[in-house]
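K.L.:
Take a look at the following structure, please.
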Amino acid sequence: MGEVPAFVADDLLGDSLNGFYLKSEGHQAVANIGNKTYVIGGTGRESTSTIGVQVTDKSTGGCVTPTVLGTRPKPSKRLSAVVLNEDQILILKADSAPDDCFWFLEVNTPFVREQRKKFGTEVVAWSKGVVGDAKKPIIISGPSGVGKGTLISELMKEFPSTFGFSVSHTTRAPREGEHIGVHYHFTERNIMEEEIRDGKFLEFASVHGNLYGTNIESVEMVADAGKRCILDIDVQGARSVRACSFEAIFIFICPPSFEELEKRLRSRGTETEEQIQKRLRNAKAELEQGNSPGLFDHILVNDDLGTCYASLKKLLDLDEVEEIMQESSPIFVDLPRDHSVSKIDQKILISCGTGEEVSEKMFLLDLSSLKGGAPGRTRGLNIYTSESF
Ligand SMILES: Nc1ncnc2c1ncn2[C@@H]1O[C@H](COP(=O)(O)OP(=O)(O)OP(=O)(O)O)[C@@H](O)[C@H]1O
Ligand SMILES: Nc1nc2c(ncn2[C@@H]2O[C@H](COP(=O)(O)O)[C@@H](O)[C@H]2O)c(=O)[nH]1
């Protein structure tokens, strides 16, 4: 949390006020965008554990309960809604934990529009607002047996508080020594397919005859823990991630030769002969694709393990650096039930207290560097407090 930048309260009355501001009726908040009215919370139809949403179309008078995507916030006794633009509503939850105060309800973002076509229903998507940015995730790709897992294990061992592994979902059977939730989330194909349809996956691909995929929550959990996420995914998956707005560093690992790749795959002893043949056939295509322009930012040859690991650390700026335990300073957003909210361009001013009893305390929320969004987190919130004047 930093100091409040130069900001004049009178601006609230000036031309820069966008005309969108607080709408709060206790445990229910209302937001109007175009012809639609969004009633958030207190609809009587929600479960007691999450906030519900209802949408009324003013032109027809019709009221629908939309398909709600993303992790839903828990109810709060005081909700405020600020319409940010035609696509997004900021929801403020008073009397909530500091990391649970700010939520975004996406109502017409590209993601929501895409899902609306898929579901054929009204769709809204929740995304939790997170203060600050997370470091770009690292995507490691390459043919089976090249040593991706080995290199990632080395990184995680040497830098346990810097890196976190995105545990993928797969329909393949666990190998001896593999643990649920550590190496993979082992799952049934029909369950995974349903979750893919529900928009829960960042990417997925059919690899060597099984389904593999990265659940958005797996990546977000690593970032939430303050760590940099490492993903071990195949080339098809890397291509899908490249095609979406997810920012990452893409690294392709090559074997020194095809013969050496085969040797490693056999010496690992985890696949049947048939599976080895399939993986080697796929490796040929992956090696070709790995070199295709614009897909990977870096290509490393894993000949000698120590040398390749040193190169990996170098490109991640980790060589010679001992791990420093990074303690991020906690941000306390003590948002009371009585507060008022105003919006000026990309800034939200929250004044604590009632009309008669306005406290000195103010928060300024800077939304100008927001990143991400449904169905994950919206990161890049900046908060300033009057206490730091
Ligand atoms: N540089 C290296 N030299 C020799 N052996 C290696 C090297 N790197 C990894 N290996 C060995 O090769 C085998 C395959 O490595 P690993 O399991 O890490 O590959 P992978 O790319 O993660 O494979 P998959 O995609 O199938 O999960 C392992 O037995 C590992 O110990
Ligand atoms: N597209 C994705 N590919 C993934 C994911 N998780 C792992 N993988 C790739 O699958 C193969 C085989 O892995 P194995 O554990 O069965 O040997 C390997 O190339 C991995 O990179 C994922 O979430 N998405």
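K.L.:
Using a simple spin-label model with points 7 Å from Cα along the Cα→Cβ vector, what separation in nm is obtained for D198 and M156?
P.N.:
Output for this residue pair reads 2.5 nm.
K.L.:
Work out, step by step, the length gained on full extension between R189 and D95: first 0.36 nm times the residue separation, then minus their alpha carbon distance; give nm to one decimal.
P.N.:
29.7 nm
K.L.:
Pulled fully out, how much extra length does the chain show between A243 and K118, if you take 0.36 nm times their separation in residues and subtract their Cα-Cα distance?
P.N.:
Answer, rounded to one decimal: 43.1 nm.
K.L.:
Once the piece of chain linking N85 and K58 is laid out straight, how much longer is it, given 0.36 nm per residue of separation minus the C-alpha distance between them? Provide the component values of the computation, followed by the final result.
P.N.:
On the way: separation 27, 0.36 × 27 = 9.72 nm, distance 1.83 nm.
Here the answer is 7.9 nm.
K.L.:
Still on this structure, I have one more. With the cut-off at 22 Å, report for the stretch 138-315 the share of all Cα pairs above it, as a whole percent.
P.N.:
Here the tail beyond 22 Å accounts for 44 percent of pairs.
K.L.:
Would you mind telling me which residue in G132, G213, G142 has the biggest mean-square fluctuation in a Gaussian network model of the chain, where springs connect alpha carbons within a distance under 10 angstrom?
P.N.:
Judging by the Gaussian network model, the answer is G132.
K.L.:
If each of A225 and H208 carries a label point 7 Å out from its Cα toward its Cβ, how far apart are those two points in nm?
P.N.:
Placing both labels 7 Å along Cα→Cβ, they lie 2.5 nm apart.
K.L.:
Which entries in the list K36/K136; K135/K200; K118/K148; K77/K227; K36/K74; K58/K343 go over 26 Å, if you measure between the two C-alpha atoms of each?
P.N.:
K36/K136; K118/K148; K77/K227
K.L.:
What is the antiparallel percent of DSSP beta bridges lying wholly in the stretch 138-315, to the nearest 5?
P.N.:
30
K.L.:
To the nearest 10 degrees, how steeply does helix 305-315 sit against the main Cα axis of the chain, on a 0 to 90 scale?
P.N.:
The angle comes out at about 30 degrees.
K.L.:
Moving on. Using a Gaussian network model of the chain with C-alpha springs under 10 Å, which one of I276, I139, I91 is most mobile by mean-square fluctuation?
P.N.:
Fluctuation is largest for I276.
K.L.:
In whole angstrom, how long is each semi-axis of the equivalent ellipsoid of the chain, when you take the square root of 5 times every eigenvalue of its Cα gyration tensor and sort them from largest down?
P.N.:
Details: eigenvalues 399, 124, 57 Å².
Output for the chain: semi-axes of 45, 25, 17 Å.
K.L.:
Taking the 0 to 90 degree range and rounding to the nearest ten, how far is the long axis of helix 258-268 tilted relative to the main principal axis of the chain, both from C-alpha atoms?
P.N.:
That works out to roughly 80 degrees.
K.L.:
Looking at the stretch 151-228, what % of its DSSP beta bridges pair antiparallel, to the nearest 5?
P.N.:
60
K.L.:
Just for the chain, what percent of DSSP beta bridges are antiparallel, to the closest 5?
P.N.:
70
K.L.:
Loop-only check: which GluC sites (Glu not before Pro) in the stretch 46-114 are DSSP coil with at most 11 other Cβ within 10 angstrom?
P.N.:
Passing sites in the stretch 46-114 are E86.
K.L.:
With the chain treated as a Gaussian network of Cα nodes joined by springs under 10 Å, which of V64, V219, V39 yields the largest mean-square fluctuation?
P.N.:
Looking only at V64, V219, V39, the biggest GNM fluctuation is shown by V64.
Every number here is computed from the coordinates shown, using simple stated rules; none is lab data. This one's a predicted model, so the numbers in the text were calculated from it and none came from an experiment. Backbone-built Cβ (ideal geometry, glycine too); neighbour counts: all protein chains shown.
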